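Below is one structure, written out as structure tokens; the observations come after it.
Read-outs: derived from the displayed coordinates by stated rules, not from any lab. Only a predicted model underlies this, so the values are computations on that prediction, with no experimental measurement involved. So basically every Cβ, Gly included, is an ideal-geometry build from the backbone, and we count neighbours across all protein chains shown.
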Amino acid sequence: MLGKKYAYCPNCRTRIKNPKRKKLTSYNYQILIIASIATLGVGLVAFILYRLIFQKKKYCPECQSIVEFYKSPEEFPKKVAVKNLLERLEIERVKEKSKDEIKKEEDKVLLEDTYIICSFCGEKIEAGLDVCPFCGKEQKPS
Ligand SMILES: [Zn+2]
Ligand SMILES: [Zn+2]
């Protein structure tokens with residue numbers, strides 16, 4: 001990562017200002033202790049190497065993904081994540097739907113005038129209907 005100081009999390013798709021070093025878990029320490037005892041100190045050398053390997057990698061503090069380094073923020077991948085794309089489509093779909101609903105509302109308002117009240121059952125029915133869908137009685141032409 002020589003000269004590449006801009007960290008980018010491919011998972012969060014944002015710039016990470018302070019990538020974290022991976023923390024050693026107690027399991028890691030256990031291995032280290034066992035290795036140190038078993039190898040009479042050689043394990044310590046192993047630990048240093050081990051730590052260096054971990055220190056090399058930087059992690060996103062949000063999602064623990066390994067971050068990528070770039071020379072400048074302009075080099076960050078521009079590709080739209082599939083997830084984001086789906087979200088965008090979903091938003092478009094909702095927008096489209098609400099447009100439809102508004103249209104339906106408008107239609108309803110337009111239809112409002114063409115309703116009549118059935119003289120038999122008192123239900124509101126469309127003016128053009130010959131037979132009331134509620135009571136089945138034939139409507140007198142108005
Ligand atoms: Zn992340
Ligand atoms: Zn009726």
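Taking amide H atoms as placed 1.01 Å from N in the peptide plane, the amide H of Glu68 lies under 5 Å from those of Tyr8, Cys9, each 5 or more residues away in sequence or on another chain. Among the listed pairs Lys17/Lys57; Lys97/Lys124; Lys58/Lys78; Lys22/Lys78; Lys104/Lys140, those with a Cα-Cα distance over 18 Å are Lys97/Lys124; Lys58/Lys78; Lys22/Lys78; Lys104/Lys140.
Within 10 Å, count the other beta carbons around each residue, average over each peptide in 92-104, 9-21, and list them highest first. Don't skip to the end; give the middle numbers.
Numbers: 92-104: 10.0, 9-21: 14.6.
The peptides rank, most packed first, as 9-21, 92-104.
With the convex hull constructed from alpha-carbon coordinates only, the range 6-75 shows a mean projected area of 5.1 nm² over all directions.
Protection proxy ranking of 64-71, 29-36, 124-131, by the mean of other Cβ atoms within 10 Å over each peptide's residues and highest first, is 64-71, 29-36, 124-131.
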